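Quick notes on the structure that follows.
Laboratory data are not the source of any read-out in this text; all were calculated from the coordinates shown. Values in this document were obtained by computation on a predicted structure and should not be read as measured data. Methodologically, a virtual Cβ is constructed for each residue, glycine included, from the backbone with ideal geometry; neighbour enumeration extends over all protein chains shown.
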Amino acid sequence: MENLVKNCSLLVALWLLLSGYAAAGVPHNGPHLTPTECHDLAATKRNAPKTRSQHRSELSALSKAGYNPSPWHDDPNYPADLHAAQRLVDHWFRTECKQSQSR
C-alpha cells in the first residue's frame, strides 16, 4: 500500500511537470506586452530617469521573453540570454506599442 501511494505521488508530480513543459511550448497569440509595459518601455527609450514601476515593467517584459535572472549569479548563458530577451522585447515594442510611441 505504501508503494502504491509513492508511485501515485510520483506519477502526479511527473504529469504536472510534463504538462507545464507542454503549456510553455504553446505559441502565444495575443499581445505580449501590456499597455503599462508599452508606456514604461517608451519612457525608458527617452533616457529619462527610470522609476521603480518602469524597472518592474522592464523586468516583467524580459521575463515574458524568457529571461530568468538567477539569484545565485551562476547563469552560464549570461549575458547572451539577456541580450536575446532584450532583442525580443525590442521587437515586441516596435510591433505592439505603436500607440505608446506616438504619445
Task: For region 42-103, with +1 on Lys and Arg beta carbons and -1 on Asp and Glu, the positive-most of 76, 91, 47 along the dipole - done: 47
Open item on the list: On the principal axes of its Cα set, how long, how wide and how thick is region 30-102? Give whole Å, largest value first.
Closed with: 39, 27, 18
Task: Size of charge dipole - region 30-102 - debye, nearest 20, with Cβ of Lys, Arg +1 and Asp, Glu -1, no other charges - done: 360 debye
Task: Protection proxy ranking of 48-60, 84-96, 67-79, 30-42 - average other beta-carbon atoms within 10 Å, highest first - done: 30-42, 84-96, 48-60, 67-79
Task: Inter-probe distance in nm under a simple model that places probes 7 Å from Cα toward Cβ, at residue 98 and residue 83 - done: 3.0 nm
